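The values are calculated or read from the model by the stated rules, or taken from the named source; none is laboratory data. Keep in mind it's a predicted model, so treat the numbers as computed, not measured. Quick reminder, even Gly has a Cβ in these numbers, built from the backbone with ideal geometry, and neighbours come from all protein chains shown. For the accessible areas, the whole protein counts, side chains as well, though only heavy atoms, and no ligand, DNA or RNA atoms are used. Shrake-Rupley method; radii C 1.70, N 1.55, O 1.52, S 1.80 Å.
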Amino acid sequence: MVDQIAPVTTAAATNGAEPTTLWAERTGTREYTGRSSRGAEVLIGSQGVPGRFTPGELLKIALAACSGLSADFALSRKLGDNFDATIRVSGDADRENEVYPQLDEIFELDLSELDDEARERLLVTVQRAIDKVCTVGRTLKAGSKVTLSFDTEA
């Protein structure tokens, strides 16, 4: 039997697209598949399950990807469409409290083609873009109310 977590519909993007529905389905012992109504899937499981992301790893990846996407326009405008970027994120869990007290991102970019002044201006612009529009980072910094309800068969 597959247990399904009730789908959650996210707000529509500003481009007028239909809202995306998100859910996770149990696919095995300590294994789930996260799904979206747009057809995306991600494999989720416990630390020891091969080929699966843990929920904490997905949180960190979401932060890194959000930072990258938030900075992409400013970077491509200055570096061209084919620039390389890697955003590494780390942070140990506090297992006593089950939280990540700190997450550290490192944004790796090759800016060797820019002079010092242009490099500094670009990094300020990128930081501002991330601070302004990275929803994941902004949510983590601000905190968020989370609710849980159950839909059961009795």
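To the nearest 20 Debye, how big is the dipole of the chain about its Cα centre, given +1 on the beta carbon of each Lys and Arg and -1 on that of each Asp and Glu? Don't jump to the answer; show the numbers that get you there.
Details: 17 positive and 25 negative charges, 85 e Å.
Using Cβ point charges on Lys, Arg, Asp and Glu, the chain gives about 400 debye.
Helix 55-79 and the longest principal axis of the C-alpha atoms of the chain enclose an angle of approximately 30°. Heavy-atom accessible surface of the chain, averaged per residue, reaches 75 Å², computed with a 1.4 Å probe.
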